[in-house]
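Read the structure below first, then the notes.
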Amino acid sequence: MSPRSNGEPGATTDVVVIGAGHAGLAFSHCLSESSVDHVVLERGEIANSWRNERWDSLTLLTPNWQCKVPGFSYSGDDPDGFMAIPELIEFMDAYAAHSSAPVKTQTTVTSVSRDNSTGGYSVTTDAGQWHCRSVIVASGACNVPVVPKVADHVPHGIQSITPHQYHSPDQLDAGGVMIVGASATGLQLAEEIQRSGREVTIAVGEHVRMPRVYRGRDILWWLDRIGISNERYDEVDDVIRARSLPSPQLVGSAEKATLDLNTMTANGTKLVGRLMGFDNDVAQFSGSLRNVCALADLKMGRMLAAIDEWIDDNDDASSFGAAQRFAETKVNFPFIILSITGRR
Ligand SMILES: Cc1cc2nc3c(=O)[nH]c(=O)nc-3n(C[C@H](O)[C@H](O)[C@H](O)COP(=O)(O)OP(=O)(O)OC[C@H]3O[C@@H](n4cnc5c(N)ncnc54)[C@H](O)[C@@H]3O)c2cc1C
């Protein structure tokens with residue numbers, strides 16, 4: 001299964017894979033299995049996004065049993081646990097070694113162009129050029145933070161950072177913190193920052209609410225079981241919408257705790273609607289907070305009903321816990337404006 005290419009710049013190979021994350025390494029494994037000559041070009045190290053673009057305390061929200069890539073899967077003794085970043089990096093390094101992936105690290109691809117003389121491609125990097133018949137772009141979907149335009153108007157003197165730049169609460173300027181976005185990242189950061197003793201406000205838009213555990217099983221086990229995780233792009237009603245759905249409000253922890261807006265407000269966090277703009281130092285929010293929360297509650301109810309139905313149709317209901325419904329999201333008086341400098 002070893003690749004033929006010596007992987008050096010100037011080489012001609014069948015396939016250049018750009019990026020040594022999960023996707024790039026998985027492609028490399030499959031290409032090697034089919035004896036296709038290739039090289040994987042990586043601008044940093046293997047698992048670079050996990051090494052450099054995640055905060056310090058992050059644990060995966062997907063359980064260990066879900067950590068599987070072609071030809072390799074989690075083999076530890078805690079399948080229902082959640083990996084922290086160092087374990088995940090170890091997992092990916094082990095995968096690359098297992099596949100003998102021909103990775104060239106510290107090699108940034110700067111352009112890909114058609115090579116008319118060969119009908120293939122020239123791949124230019126900061127370490128030289130490769131020539132190949134095909135290119136696989138596995139450079140990641142989460143590497144460029146999506147920052148809404150409104151961020152351009154954050155009042156002068158207020159620190160504004162993306163999750164890529166965030167490592168821990170210590171790096172934040174003194175004072176309260178507003179988190180914009182209430183999906184997995186927003187809620188996990190809100191919880192950590194709130195625990196560090198800051199006052200936290202979350203601007204909440206559309207979100208996906210889920211309990212961590214339902215009827216005795218992890219919710220992602222259920223989504224796997226009832227087939228939602230395996231839905232193909234041509235089995236969903238609207239693939240563009242499906243791809244842009246926010247990640248579910250989940251956190252991976254030993255306690256298997258649920259993380260939702262109710263747990264946040266119970267800890268003293270303030271909820272506001274979607275951030276719409278600034279009028280000098282006053283932040284303005286959409287009045288849709290109640291609606292987006294009601295919608296998320298409704299959709300969670302539908303998902304739990306689908307699980308209940310699946311159990312009734314397919315399995316012995318007595319082998320699972322009882323069906324359960326959760327309290328609706330509590331929205332107290334939602335602010336639509338808030339002074340964020342505390343000057344008024
Ligand atoms: C905060 C956060 C938490 C997440 N938690 C989970 C989770 O719990 N469970 C889960 O399954 N998923 C999670 N994800 C999603 C997960 O990170 C991605 O699905 C996964 O990393 C995708 O793998 P990838 O190989 O496509 O991209 P990446 O892992 O981003 O890999 C892309 C690689 O391409 C390299 N690259 C980019 N540009 C170039 C270039 N020009 N030249 C050379 N190399 C280049 C990058 O350095 C990187 O190594 C999370 C994502 C984020 C942002």
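Side notes on the structure shown:
- Each residue of the stretch 283-294 was assigned a 3J(HN,Hα) from its phi angle through the Karplus curve 6.51 cos²θ - 1.76 cosθ + 1.60 (θ = phi - 60°); the sequence is 7, 10, 10, 5, x, 8, 3, 4, 5, 5, 6, 5 Hz, with glycine and proline shown as x.
- Reachable lysines from Lys299, criterion Cα separation under 17 angstrom, eight or more residues apart if same chain: Lys330
- Whole-number percent relative contact order across the stretch 12-137, with pairs defined as alpha carbons under 8 Å at least 6 apart: 33
- Under-5 Å amide H pairs with Thr125, H placed in peptide plane, nonlocal only: Thr110, Trp130
- Calculated mean residue ellipticity at 222 nm for the chain: -7500 deg cm²/dmol, from DSSP H runs with n ≥ 4 weighted as -39500 (n - 2.57), summed, divided by the residue count and rounded to 500.
- The ranking of His131, His156, His207 by Cβ neighbour count inside 10 Å, starting from the fewest, reads His156, His131, His207.
- The stretch 159-273: relative contact order in percent, alpha carbon pairs under 8 Å with at least 6 residues between: 32
- Seen from Asn48, the other residues with C-beta closer than 15 Å to its C-beta sum to a net charge of -2, counting Lys and Arg as +1 and Asp and Glu as -1.
- Fraction of beta bridges assigned by DSSP in the chain that are antiparallel (%, nearest 5): 50
- Spin-label model distance (nm) - Asp238 vs Ala305, 7 Å beyond Cα toward Cβ: 2.0
- Contour excess over end-to-end distance, with Cα ends at Thr62 and Ala322 and 0.36 nm allotted per residue: 91.2 nm
- Efficiency of FRET between His98 and His131 - r from beta-carbon atoms, R0 25 angstrom, step 0.05: 0.35
- Phi-based couplings in Hz for the stretch 18-24 (Karplus 6.51, -1.76, 1.60; Gly and Pro marked x): 9, x, 10, x, 3, 5, x
- Folded to 0 to 90 degrees: helix 85-98 orientation relative to the chain principal axis, Cα: 20
- Near Phe326: Cβ cut-off under 10 Å, other residues only, Lys/Arg at +1 and Asp/Glu at -1. The net charge is -1.
- Looking at the stretch 119-213 alone, DSSP beta bridges between its own residues are antiparallel in about 55 percent of cases.
- When you restrict to C-alpha pairs under 8 Å that are six or more residues apart and normalise by the size of the chain, the relative contact order lands at 16 percent.
- Nonlocal amide H pairs with Ile179, under 5 Å, H built at 1.01 Å: Thr201, Ile202, Ala203
- Rg/Rh for the stretch 149-339, where both radii come from Cα atoms and Rh is the Kirkwood radius: 1.01
- Within-12-Å neighbourhood charge of Leu289 [Cβ basis; K, R +1; D, E -1]: +3
- Taking other Cβ atoms within 10 Å as a rough exposure proxy, Arg195, Arg232, Arg133 sort from fewest to most as Arg232, Arg195, Arg133.
- For the chain, the convex hull drawn through the C-alpha positions has a volume of 175 cubic angstrom per residue.
- The GluC sites (Glu not before Pro) found in the stretch 156-243 that occupy coil by DSSP, while having at most 14 further C-beta atoms within 10 Å, are Glu199, Glu231.
Each value in this text was obtained by applying a stated rule to the coordinates, not by laboratory testing. Please read all numbers here as calculations on a predicted model, not as lab measurements. With ideal geometry, Cβ positions are generated from the backbone for all residues, glycine too; neighbour counts draw on all protein chains shown.
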